[in-house]
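Right, one structure below, let's go through it.
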Amino acid sequence: MDDHLGEQLLQNGKDREENEIVARRIACALAPHSVWVTVPREPALVQIANIQHLGRPIRAQLTEPIGAVELAGLLHPTPAVGGEPWDAAERLIPALEGLDRGWYAGPVGWTDAAGDGELCAGLRSALLRGPSAHCYAGCGIVRDSDPAAELAESEVKLGALLPVLSG
């Protein structure tokens, strides 16, 4: 990974704001079902293969067991894909996007018969139908977002899918 790019990401106010909004909503969604919830003050750099992003390991002690699917239902959609505040975004997103998201941005992962599992938001995906692929990627739009930079970010995200699809 490029350490310089990672440091830039950690210092970027816009990316930090996106991360803070998501962490705050997740903590608020967990609070009514938890004895305690902890969210680190600062985001950390998460590096996976050729991708790096900001993350915060949010931890909670639930008041009673909740299965992974039910827990995902409490958290979905996070502001990363659903906007904030959700009450306003829920009506605006379909009107502004003009498309059916289908499975895009839904929870992806696994669960077992005991309700244990691990799920995350499917932020980049492709829907394959015969020889056609519909690719999806999004960006977190906040007050300091630059439309040209957001488009460039989407193109980079979508570009990562092309080698997989081209065989």
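Summary table below
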{"item": "Qualifying positions in the stretch 74-98 - surrounded by 11 or more Cβ atoms within 10 Å (Cβ to Cβ) and either touching a residue at least 24 places away in the same chain (Cβ under 8 Å) or among the hydrophobic types (A, V, I, L, M, F, W, C) (or both)", "result": "74, 75, 76, 77, 78, 79, 80, 81, 84, 86, 89, 93"}
{"item": "Subset tally (residues that are assigned to a loop (DSSP other than H, G, I, E, B) and over 12 Å from the mean Cα position of the chain (by Cα)) for the stretch 69-97", "result": "2"}
{"item": "Of all residues making up the stretch 51-68, the number that are in a loop (DSSP other than H, G, I, E, B) and surrounded by 12 or more Cβ atoms within 10 Å (Cβ to Cβ)", "result": "4"}
{"item": "Residue check, residue 118 farther than 30 Å from residue 36 by Cα and acidic (Asp, Glu)", "result": "no"}
{"item": "The stretch 16-50, subset in contact (Cβ under 8 Å) with a residue 60 or more places away in the chain and of a type in the set (Asp, Glu), residue surrounded by the fewest Cβ atoms within 10 Å (Cβ to Cβ)", "result": "17"}
{"item": "The lone exception for residue 109 - which of (1) exposed (fewer than 14 other Cβ atoms within 10 Å of the Cβ); (2) touching a strand residue (DSSP E or B) at 6+ places or on another chain (Cβ under 6 Å); (3) without any contact (Cβ under 8 Å) to a residue 24 or more places away in the chain it fails", "result": "(3)"}
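Matching residues to (1) part of a loop (DSSP other than H, G, I, E, B); (2) modelled with pLDDT under 90; (3) not hydroxyl-bearing (Ser, Thr, Tyr):
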{"site": "99", "(1), (2), (3)": "yes, yes, yes"}
{"site": "114", "(1), (2), (3)": "yes, no, yes"}
{"site": "119", "(1), (2), (3)": "no, yes, yes"}
{"site": "133", "(1), (2), (3)": "no, yes, yes"}
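The values are calculated or read from the model by the stated rules, or taken from the named source; none is laboratory data. Keep in mind the model is a prediction, meaning the values are calculated, not measured. We place every Cβ from the backbone using ideal geometry, glycine too, and count neighbours over all the protein chains shown.
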